[in-house]
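The values are calculated or read from the model by the stated rules, or taken from the named source; none is laboratory data. What you are looking at is a predicted structure, and each value in this text was computed from that prediction instead of being measured. Ideal geometry is used to build each Cβ from the backbone, glycine not excepted, and the neighbour counts take in all protein chains shown.
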Amino acid sequence: MKATVGNWVWRLGLGVMLGCGSVAVLGVAQASSVAQGKAIFDAQCAACHSVKPGVNGIGPSLYGVYGKPAAHVAGFAFSAALTNSHLVWNKVTLSKFLADPQALVPGTKMPYLGLPSAKKRDEVIAYLKNPEAK
Ligand code: HEC
């Protein structure tokens with residue numbers, strides 16, 4: 001009886017340890033993809049976009065863009081194509097847009113040829129979701 005309880009406690013302990021371990025690993029994986037995403041953003045998007053609120057350049061501010069409807073940033077003259085697209089930016093729509101903006105939104109005025117690597121698109125999206133994380 002005692003042995004059984006001991007065994008159970010041991011298994012519970014192990015379970016908690018494994019659980020914590022995977023949370024920590026997940027945290028590291030997220031942090032590094034955000035960092036990768038920032039590097040890609042700085043190289044390929046920052047010439048036209050800022051992630052600061054209200055800072056529009058050649059492109060609109062991308063602050064908080066994840067989860068928002070397309071073409072809703074105040075003070076930016078969006079194309080009719082994007083305005084009428086009725087898209088909501090999430091992982092799927094952002095990934096399609098970044099792969100080939102003209103394919104998803106024909107007539108968009110974002111002059112960007114596209115990011116062919118799905119992994120890099122995921123990393124940029126992770127960064128857009130959370131530009132404050134390091
Ligand atoms: C040469 C300038 C330029 C580059 C480079 C560029 N963009 Fe854009 N982006 C724009 C413009 C202009 C628009 C507005 C498009 C429209 O109105 O059709 C836009 C729109 C967007 C939108 C939609 C915003 C909204 O509020 O609906 C997202 C998201 C976006 N860009 C992400 C990116 C990302 C991520 C990169 C880099 C991988 C990037 N862009 C590179 C100019 C650029």
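Restricting to region 88-104, and then to whatever is assigned to a helix (DSSP H, G or I) and in contact (Cβ under 8 Å) with a residue 24 or more places away in the chain, can you tell me which residue is farthest from the ligand (Cβ to nearest atom)? Outline the logic, then answer.
As a first pass, look at region 88-104 and keep what is assigned to a helix (DSSP H, G or I): 91-99, 101-104.
Subsequent filtering for residues that are in contact (Cβ under 8 Å) with a residue 24 or more places away in the chain retains 91, 94-95, 98.
Values: Lys91: 12, Leu94: 6, Ser95: 10, Leu98: 5 Å.
Only one residue tops the list, namely Lys91.
Quick check on Ala47: is it assigned to a loop (DSSP other than H, G, I, E, B), out of contact with any Pro (no Cβ under 9 Å at 6 or more places or on another chain) and at pLDDT 95 or above? Full working, then the answer.
Numbers: assigned to a loop (DSSP other than H, G, I, E, B): yes; out of contact with any Pro (no Cβ under 9 Å at 6 or more places or on another chain): yes; at pLDDT 95 or above: yes.
It is true that Ala47 is assigned to a loop (DSSP other than H, G, I, E, B), out of contact with any Pro (no Cβ under 9 Å at 6 or more places or on another chain) and at pLDDT 95 or above.
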Of the residues in region 47-66 that are near the ligand (Cβ under 8 Å from one of its atoms) and under 15 Å from Val124 (Cβ atoms), the one that is surrounded by the fewest Cβ atoms within 10 Å (Cβ to Cβ) is Ala47
Looking at (1) within 22 Å of Ser33 (Cα to Cα); (2) near the ligand (Cβ under 10 Å from one of its atoms); (3) in a loop (DSSP other than H, G, I, E, B), which one does Val124 not meet, given that it meets all the others? (3)
Pro131: passes all of (1) surrounded by fewer than 17 Cβ atoms within 10 Å (Cβ to Cβ); (2) in contact (Cβ under 8 Å) with a residue 60 or more places away in the chain but (1)
Condition (residue is surrounded by 15 or more Cβ atoms within 10 Å (Cβ to Cβ), among the hydroxyl-bearing types (Ser, Thr, Tyr) and more than 10 Å from the ligand (Cβ to nearest atom)) applied to region 79-87: is it met by at least one residue? no
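If you check Thr93 against the conditions, is it more than 17 Å from Lys129 (Cβ to Cβ), of a type in the set (S, T, N, Q) and out of contact with any Lys or Arg (no Cβ under 8 Å at 6 or more places or on another chain)? Give the derivation first.
Details: more than 17 Å from Lys129 (Cβ to Cβ): no; of a type in the set (S, T, N, Q): yes; out of contact with any Lys or Arg (no Cβ under 8 Å at 6 or more places or on another chain): yes.
No; evaluated as a whole, the condition is false for this residue.
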So Gly107 ticks every box in (1) touching a helix residue (DSSP H, G or I) at 6+ places or on another chain (Cβ under 6 Å); (2) buried (at least 17 other Cβ atoms within 10 Å of the Cβ); (3) of a type in the set (Gly, Ala, Ser) but one. Which box is left unticked? (2)
Would you check which residues across region 105-121 are within 8 Å of the ligand (Cβ to nearest atom) and of a type in the set (Gly, Ala, Ser) and list them? Gly107
Which one of Pro131, Pro69 is more than 7 Å from the ligand (Cβ to nearest atom) and either touching a helix residue (DSSP H, G or I) at 6+ places or on another chain (Cβ under 8 Å) or at positive phi (or both)? Pro131
